[in-house]
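Okay, structure first, notes after.
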Amino acid sequence: MKYEHESIEKKWQDAWAAQGVYRTPEDPTKPKYYALVEFPYPSGHGLHVGHARPYTAMDVVARKRRMQGYNVLFPIGWDAFGLPTENYAIANHIHPAKVTHDNIAFFRDQTKLLGYSFDYSREVDTTDPAFYKWTQWIFLRLFEHGLAYKAQMPVNWCTSCKCVLANEEVVDGVCERCGSSVVRREKSQWMLRITAYAQRLLDGLDEVDFPDRVKVQQRNWIGRSTGAEVDFRTTTGDTLCVFTTRPDTLFGATYMVMSPEHPNLGRWRERITNWAEVKAYQDLSAQKSDIERSEMQRDKTGVELKGVRAINPVNDAEIPIYVSDYVLMNYGTGAIMAVPGHDTRDWEFATKFGLPIVEVVAGGNVQEQAFTDVQNGVMVNSGFLSGMQTSDAIVAMIAWLEEKGLGHASINFKLRDWVFSRQRYWGEPIPIVHCPKCGYVPLPESELPLKLPNVESYEPTDTGESPLAKMRDWVETSCPRCGGPAERETDTMPQWAGSSWYFLRYTDPYNDAALASPEALAYWTPVDWYNGGMEHTTLHLLYSRFWNLFLYDIGVVPTSEPYRKRTSHGMILGEGGEKMSKSRGNVVNPNDIVSEYGADTMRLYILFLGDFEKAASWQQNDVKGCRRFLERLWTLCENLNDDAAYSPANITLIHKTIKKVTEDIENLKFNTAIAAMMTLLNEMTSNGASKGDLKTFLTLLAPFAPHSCEELWHQLGFESFVVCQSWPAYDPALCIDQEVEIAVQINGKFRGTVWVPADCPDEELVKAATAEERIQRNLEGMRIVKTIVVKNKLINLLVKP
RNA sequence: GCCGAAGUGGCGGAACGGCAUACGCGGUGGUCUCAAAAACCACUGAAGGUAAACUUCUUGUGGGUUCAAAUCCCACCUUCGGCACCA
């Protein structure tokens, strides 16, 4: 019989579905395991190999856990709100809901083709009102707790399309669609106060099993800095507060800089004698786009405030104040004390403007460049700090400031609040009403879900409002509080909203009374293993940790951290290591591989092609190697004529392989697990295999190539399903070879090998090694002065003439 | 600039103090065939040597530690990701 993948795969997919073998069991007596993949955005292009890699990997994990006796929750869903769908809808005049529905159907069919063991009865779809009812519900709770608020924020405005662009639509400073320049415009936007959770999001990282690179990236993103806030008196009578991480260098502060947006500037207008010049600088900065600002990054510009001076609190020196856009309004206090001797940016500015550079930490040459080393420095020219180590000086200075009431220890974060509104149609409506009397009023829970109305056009408006703003009969409503006339919020939520909590919904996807029942959450959460891409480290992964932590605080979820273990897969590149893209024409469609070679070959190859955590390039030519592996297995099973439970020739390698595959799956070493099974198959082919050998082999391979294994399982006459068998156990005693080949080195150089019984005593080993002809030749005229033995591996003979 | 990852045969990659190049692809020779494809068997890092025996060299570069280094340490070069005037 021939290995016909198409009919075999269809046959077993149907059989498994008919028996519901991948249904999530409702059996609270068994231990649970929640394996999660990032749900896809169902784009029109369909599933690509970049999805197949993590999905196949976690499918192997989920299948192994089922075989190990766990209740496994391995769900899939659709992160379906988003810009590409909306743009497609605009271009083709099809309702985004219809586009979404079709794309989901396509994606679902593709995942089924690949034989993933998802529980499709628990699918979630973020655009389904039954789902986004709870997204809106969470938003209302955030609002209730003061964590959602409105603020003026700059948005991206395309000067040609005359509309607001999402950040993703701005590429290299220009509009992705028309290529025109994008400028900043102020708009009132909904914000989420993620900064209130900065410290706890940082602390939580210590409790979870994430790769270091993920933790490091999140820590950098949150960006905690410790230092001090210091008040400088000014000649206006106002004080100017700054944040610094280097209070030890306060004696070296020779000028101050304020951000152009600093509110004090307007207040001091009457006193600033060169106000026109300052105003012109402010206007220029406001016009600059982000790109312009970063392009000019190294070239410092600024204007001195004439008529206003500051006083350095440690030495009462009068110092000038500048306005410059290298100081950002949204970090620290929007003003800095400049220490040009010990800060690179201040040094550049001081050099350009001819400002004094004072050395207060010895160790460098501050006339040449700023000396910024905090570790190795001794304070100089610094009054009571002189002679101290910088680290001690920081502590001493903060104590001094606190004592004098001039400042205090302070912590700052780079993390910014989350801009939560989009001027778009295809997103969750924000369940808030603007009442002229009551302000922003939340909708009562009974009015959820607030459904998206059908509109004629999804085009963004030229006023920068969401398309919903044109729906007057939807917008005009009454205030839930006072009953007076009011208007609905017309902005929608960003795509990150649904994905911030979807994993909770899988535990109880049809609940209409809560986002999920407390029992379901208590049983299934936290997620035991969550795999996803590195590109989601600082947005999705951080946002969902934030929402989960908030839901934990209000008693909705039982754990503070949503994911116990996180892993990340590397990207799949095209041949030659280039990124896959339509323009390069090197995109691989999984469907093509499945129809030519079969899903099992596709699954094996995608895991075999390289280290799962690293980027790897697709080699079309190599795919057939995995297909040949399955065909050799097929041939071996067909020619079976030994009914024994095991064959002595294979037993050690079988147990070793079970051990290796069992461990490799846990460590994401799918490539070497497959290589080990190939080695075993090659051995069994040359030694001959018994029925029992093949039975074990099929259960071991089943998570990787379930269809072929299921077919062969039945051809060999076994009952039930191979995918429902127990995971094979290995006997450590049987993993040990009776005879081992020992490498023999002389003075560290490899000179040959010798076969000896395992755990052979050192003296016996030396005897055996020196008995070898080749070794003897190399020992001629030498005497052994020392021997180094690595048990069952190697012997090194150190010799002298 | 800062943070992170990585440089190994013709190619994808294994090994991560102990026989470098597992496994797969490709290549060469053979079996089968009228022939081809497929399949199967053998060989396949480089140089010297006689296609043997054997010898030497080889994990981005240069040093070091060690009986032993692709692996650990120091310096440098290159590539790829992320952040980027965060005081």
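What length, rounded to one decimal in nm, is gained on full extension from A:Asn687 through to A:Asn220, with 0.36 nm per residue of separation minus their alpha-carbon distance?
Length gained between A:Asn687 and A:Asn220: 162.6 nm.
Can you run phi through the Karplus equation (6.51, -1.76, 1.60; θ = phi - 60°) for segment A:782-787 and list ³J(HN,Hα) in whole Hz, with x for Gly and Pro?
The phi angles translate into 10, 10, 7, 9, 7, 10 Hz.
Give A:Lys32/A:Lys64; A:Lys30/A:Lys660; A:Lys2/A:Lys112 a once-over and call out the pairs whose C-alpha atoms are over 19 Å from each other. Walk me through the numbers before you get to the answer.
Details: A:Lys32/A:Lys64 13 Å; A:Lys30/A:Lys660 26 Å; A:Lys2/A:Lys112 24 Å.
Violating the 19 Å limit, Cα to Cα: A:Lys30/A:Lys660; A:Lys2/A:Lys112.
When a/c reaches 1.5 or more, the comparison of a/b and b/c decides; with that in mind, is segment A:1-147 rounded, prolate or oblate per its Cα gyration tensor? Could the numbers behind the result be given before it?
Values: a/c = 2.46, a/b = 1.28, b/c = 1.93.
Cα axes put segment A:1-147 in the oblate bin.
Name the shape class, rounded, prolate or oblate, that the alpha-carbon gyration tensor gives for chain A, where a ≥ b ≥ c are the square roots of its eigenvalues, rounded holds for a/c under 1.5, and otherwise prolate holds if a/b is larger than b/c and oblate otherwise.
It is oblate, given that a/c is not under 1.5 and a/b is not larger than b/c.
Roughly speaking, what is the stretch gain from A:Thr351 to A:Lys437, that is 0.36 nm per residue apart minus the C-alpha to C-alpha distance, in nm to one decimal?
Gain in length upon complete extension: 25.5 nm.
Alpha carbon centre of segment A:458-514 versus segment A:750-801: separation in Å?
First find each Cα centre; the distance between them is then 78 Å.
Working from Cα positions, state the angle (0 to 90°, nearest 10) between the long axis of helix A:390-404 and the longest principal axis of chain A.
40 degrees
Please list, in chain and number order, the residues 5+ apart from A:Trp78 or on another chain whose amide H is under 5 Å from its amide H, with Hs placed from the backbone.
A:Val124, A:Asp125, A:Thr126
P(r) tail for segment A:649-801, what percent of Cα pairs lie past 21 Å? Don't jump to the answer; show the numbers that get you there.
Numbers: 6631 of 11628 pairs.
Summing the P(r) of segment A:649-801 above 21 Å gives 57 percent of all pairs.
Projecting each Cα onto the charge dipole of segment A:698-801 (Lys/Arg +1, Asp/Glu -1 at the beta carbon, about the Cα centre), which of A:Val756, A:Ala705, A:Phe721 comes out farthest on the positive side?
Value computed over the given set: A:Val756.
If one computes the Cα centroid of segment A:101-146 and of segment A:417-448, what distance in Å separates the two points?
21 Å
What share of the DSSP beta bridges in chain A is antiparallel, in percent to the nearest 5?
Bridges in chain A are about 75 percent antiparallel.
With θ set to phi - 60° and the Karplus curve 6.51 cos²θ - 1.76 cosθ + 1.60, what are the ³J(HN,Hα) couplings of segment A:761-778 in order, to the nearest whole Hz, using x for Gly and Pro?
These are the phi-based 3J(HN,Hα) values: x, 4, 4, 4, 5, 4, 4, 5, 5, 6, 7, 5, 4, 5, 5, 4, 4, 6 Hz.
Ranked from highest to lowest mean number of other Cβ atoms within 10 Å per residue, what is the order of the peptides A:332-339, A:14-21? List each step's numbers first, then the result.
On the way: A:332-339: 23.5, A:14-21: 12.5.
The most tightly packed comes first, giving A:332-339, A:14-21.
Assuming R0 = 25 Å, can you tell me the calculated FRET efficiency for the pair A:Lys565 and A:Thr538, based on Cβ-Cβ distance, to the nearest 0.05?
Between A:Lys565 and A:Thr538 the formula returns 0.85.
Could you give the nm distance between label points at A:Asp209 and A:Ala317, where each point is 7 Å from its Cα heading toward the beta carbon?
So the label points at A:Asp209 and A:Ala317 sit 5.6 nm apart.
Sort segment A:617-659 into rounded, prolate or oblate with this rule: let a ≥ b ≥ c be the square roots of the eigenvalues of the Cα gyration tensor; rounded if a/c is under 1.5, and if a/c is not under 1.5, prolate when a/b is larger than b/c, oblate otherwise. Please report the intermediate quantities before stating the final value.
Values: a/c = 5.03, a/b = 1.71, b/c = 2.94.
Note, shape of segment A:617-659 comes out oblate.
What are the equivalent ellipsoid semi-axes of segment A:1-74, built from the alpha-carbon gyration tensor (square roots of five times its eigenvalues), in whole angstrom, biggest first?
After diagonalising the Cα gyration tensor, the semi-axes are 24, 20, 12 Å.
Calculated FRET efficiency, A:Thr787 and A:Glu739, Cβ-Cβ r, R0 25 Å, to nearest 0.05? Kindly include the intermediate steps, with their values, before the conclusion.
Working: r = 21 Å, r/R0 = 0.83.
Rounded to the nearest 0.05, the efficiency is 0.75.
On a 0 to 90 degree scale, rounded to 10, what angle separates helix A:96-113 from the longest Cα axis of chain A?
The answer is roughly 30 degrees.
I need the calculated FRET efficiency for the pair A:Ser478 and A:His145, taking r as the beta carbon distance and R₀ as 22 Å, to the nearest 0.05.
With a Förster radius of 22 Å, E is 0.30.
Go through A:Lys659/A:Lys791; A:Lys669/A:Lys691; A:Lys614/A:Lys691; A:Lys215/A:Lys579; A:Lys10/A:Lys133 and tell me which ones have a Cα-Cα distance over 32 Å in this structure.
With Cα atoms farther than 32 Å apart: A:Lys614/A:Lys691; A:Lys10/A:Lys133.
So between A:His93 and A:Thr344, what do we pick up on full extension, going 0.36 nm a residue minus the alpha carbon distance?
Value of the extension gain: 84.9 nm.
Would you kindly derive the ³J(HN,Hα) couplings of segment A:37-53 from the backbone phi angles with the Karplus curve 6.51 cos²θ - 1.76 cosθ + 1.60 (θ = phi - 60°), listing them in order in whole Hz, with x for Gly and Pro?
10, 5, 6, x, 7, x, 6, x, 7, x, 5, 10, 5, x, 7, 4, 4
Enumerate the amide H contacts of A:Arg309 below 5 Å, restricted to partners 5 or more residues apart or on another chain; note that Pro and chain-start residues carry no placed amide H.
HN-HN under 5 Å from A:Arg309: A:Thr235, A:Thr236.
What angle do you read, to the nearest 10 degrees and between 0 and 90, between the alpha-carbon axis of helix A:275-287 and the longest principal axis of chain A?
Around 30 degrees separate the two axes.
Considering amide H positions built from the backbone, and no H for Pro or chain starts, which residues 5 or more places from A:Gln745, or on another chain, come under 5 Å of its amide H?
Under 5 Å from the amide H of A:Gln745 lie the amide H atoms of A:Arg751, A:Ile795, A:Asn796, A:Leu797, each far enough along the sequence or on another chain.
With the cut-off at 23 Å, report for segment A:551-658 the share of all Cα pairs above it, as a whole percent.
Summing the P(r) of segment A:551-658 above 23 Å gives 55 percent of all pairs.
If packing is taken as the average number of other Cβ atoms within 10 Å across a peptide's residues, how do A:583-589, A:243-249, A:685-691 rank, most packed first?
Numbers: A:583-589: 13.4, A:243-249: 24.3, A:685-691: 16.9.
Descending mean neighbour count gives A:243-249, A:685-691, A:583-589.
Can you show me the helix-derived [θ] at 222 nm for chain A, built from DSSP H runs with n ≥ 4 at -39,500 (n - 2.57) apiece and divided by the number of residues, rounded to the nearest 500.
Theoretical 222 nm ellipticity from helices: -10500 deg cm²/dmol.
Given charges of +1 on the Cβ of Lys and Arg and -1 on the Cβ of Asp and Glu, with all other atoms neutral, how large is the dipole of chain A about its Cα centre, in debye to the nearest 20?
540 debye
Would you please put A:251-262, A:410-421 in order of how densely packed they are, using the mean number of other Cβ atoms within 10 angstrom per residue and starting with the highest?
Working: A:251-262: 23.8, A:410-421: 18.1.
Result, highest mean Cβ count within 10 Å first: A:251-262, A:410-421.
Every number here is computed from the coordinates shown, using simple stated rules; none is lab data. None of these values were measured; they are calculated from a predicted model. Because the Cβ atoms are built from the backbone with ideal geometry, glycine has one as well, and the counts that use them run over all protein chains shown.
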